[in-house]
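Single-structure report; data block below.
What follows is calculated from the coordinates using simple rules that are stated; it is not laboratory data. Computed from a predicted model, the values in this text were never measured in an experiment. In this analysis, Cβ positions are derived from the backbone assuming ideal geometry, glycine residues included, and neighbour counts consider all displayed protein chains.
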Amino acid sequence: MKFINQYSFVLMTVVVLLVLGVLTLRGGLKLQHLLALGALSLGVFLAYRFLDPGPGSSDKSERILAEIQSGSAVLLEFQSPY
């Protein structure tokens with residue numbers, strides 16, 4: 001279930017492109033249809049590339065632990081990239 005949650009955009013894109021490809025290519029192989037599917041694929045790839053949340057910022061754990069152990073009040077905020 002975690003895989004589906006994290007990669008739902010990719011999975012839905014694959015399903016939609018497959019359905020559109022099947023529906024489009026049913027009438028025959030035409031250059032316009034291939035260009036349209038290619039443009040959609042490129043647009044989805046670019047959207048995923050630019051909107052991907054990327055790795056979190058949890059690599060600063062030593063500094064965070066030092067602040068927690070300093071004895072003063074510390075506000076921790078956890079955010080999920082998904």
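Taking every residue in the stretch 10-33 that is β-branched (Val, Ile, Thr) and pairing it with any residue that is surrounded by 10 or more Cβ atoms within 10 Å (Cβ to Cβ) and part of a helix (DSSP H, G or I), at least 6 positions away or on another chain, the pairs with Cβ-Cβ distances below 8 Å are Val10/Tyr48; Thr13/Val44; Thr13/Tyr48; Thr24/His33; Thr24/Ala36; Thr24/Leu37.
Taking the criterion of being out of contact with any Ser or Thr (no Cβ under 6 Å at 6 or more places or on another chain) and not hydrophobic (A, V, I, L, M, F, W, C), the residues of the stretch 7-33 that qualify are Tyr7, Ser8, Thr13, Gly21, Thr24, Arg26, Gly27, Gly28, Lys30, Gln32.
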